[in-house]
1. Mind listing the phi-derived Karplus ³J(HN,Hα) values for region 213-223, rounded to whole Hz, using 6.51, -1.76 and 1.60 with θ = phi - 60°, and x for any glycine or proline?
2. Please name which of GLY14, GLY96, LEU182 has its Cα lying farthest along the dipole of the chain towards the positive end, using unit charges on Cβ (Lys, Arg +1; Asp, Glu -1) and the Cα centre as origin.
3. Across bins of 5 angstrom width beginning at 0, how are the C-alpha pair distances of region 298-443 distributed, in whole percent?
4. List the relative contact order of region 196-290 as a percent without decimals, with contacts defined as Cα pairs under 8 Å and 6+ residues apart.
5. Looking at the chain, send over the antiparallel percent of its DSSP beta bridges, to the nearest 5.
6. Only Lys, Arg, Asp and Glu count, each charged at its Cβ (+1, +1, -1, -1), so figure out the dipole size of the chain about its Cα centre, rounded to 20 debye.
7. Of PRO321, PRO132, PRO177, which is the most mobile in a GNM of the chain whose springs link Cα atoms less than 10 angstrom apart?
8. Which percentage, to the nearest 5, of the DSSP beta bridges contained in region 196-290 is antiparallel?
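What follows draws every value from the coordinates through simple rules; no lab data is involved. Given the structure is predicted, the values throughout are model-derived calculations rather than measurements. Cβ coordinates were reconstructed from backbone atoms using ideal geometry, including for glycine residues, and neighbour counts include every protein chain displayed.
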Amino acid sequence: MIKPESTLAALRRGDLAGARRLDLRGCGLEQLPEEVFALADTLEELDLGDNRLSALPAELPRLHRLRVIFGSGNPFTALPEVLGACGQLSMVGFRGCRIDTVSGAALPPALRWLILTDNRIAQLPDTLAERPYLEKLMLAGNRLAALPDLSASPHLALLRLAANRFSTVPDWLVRHPGLAWLALSGNPFIHRLVHRPSSPDIATLSPCQIEEDQLLGEGASGLIHRAWLHEHATIPARPVALKRFKAAMTSDGLPDCEQAACLAAAGHASIVAAEARVADAQGRTEALVLPLLGPEFRPLAGPPSLASCSRDVYVDGLAMPVDKLWIILSSIASAVAHLHRVGLMHGDLYAHNILWNGEDRALLSDFGAASFLPEEAGLRAGLERLEVRAFGLLVEELLQRADDPTDARCTRLAALREDCLQPEVARRPAFGEISARLGPASAR
């Protein structure tokens, strides 16, 4: 991989003519290099993250093909208004800055994907509702207590509002026909639920019972190691996965909320949830013990790309037998029905969060965007049915990849898809009904 510092040197030598993407992260920049404008006729993606920028030049619209800009980790205090003059700009990412001001003038007319996670924003302009292509809005970790009315934003599909100051959900939100993925954890009206007691079925372990082994992976919210669990002196240690959470804000919300959701989600065969928690002498959770999955379990799809925005990316040419699709969908419907029964919304019900062994098991994973559902019945039902739309989109995606579209079961799945995508949110079926219609995976 070419280091950004080398890219900067190449830019200044004039070696990058014709470049479509420019990565200048961590170069110590205090202003945009003038040489960038030599790429005006080709540059489409510009990453200026982790520099010392506090403003962008008025000449930025000269980059007339620019579609994507990242300014994360810079000391901006306002979203630069010059962005609003960039006619092709559709993705704007300014995460972890010091932004407290967002004016309507800063919002590009073609805005599709806006990332303002982990800033100091208390108010957004009403003109956000005038951006007709807005599809993905990531606002976790700010100071928001209200939102502009986005009920008429036809393409809005994903909304991240975790770790803000909402005392309730905006009225229009639970009626929005296109919204499918929502994160609300860490707001005052539901955050107290994070601290409710864990299920009595979740064991509490001392650190001496866990022997950490190799690092398996690292995500935004934590590190996962292979580990050995010593449950009893007379029983051989067994392999498990151990997740230690970071303290940092993620794009979905707070790690302690994910931790609480992992504990609350336990108890279903198609969910990757906590088996136990590791606590210190004061009873504080240090880590979670998760099942160690074999290498046969792989994500069903890749996460959304810059181009697909809110939709997953599948392997080209994927064709699956209808009985396998049925196993996946019945397993996941049953899993989400369980989550809703215990008072959780997954918030990120995507194929890339479904682990599939290729034969007979599908597991729902990743609780980073999960939220505890409020106790008020009407609001709770509305939020549950937003998640039904996400399932309907999953059904749609898998139907498009069925190896035999003439199979009678595809007709049944198509009818289910239409019910789940019903634009009148209140008329969508609950997950209990969906699960009953699909039946158990073993009865396909």
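1. The phi angles translate into 10, 5, 6, 9, x, 9, x, 4, 9, x, 10 Hz.
2. After comparing all options, I get LEU182.
3. It works out to 2, 10, 19, 24, 22, 14, 6, 2, 0, in whole percents.
4. It comes to 28 percent, rounded to a whole number.
5. Rounded to the nearest five, the antiparallel share is 50 percent.
6. Value, rounded to 20: 420 debye.
7. Result for the chain, Cα springs under 10 Å: PRO321 fluctuates most.
8. Bridges in region 196-290 are about 90 percent antiparallel.
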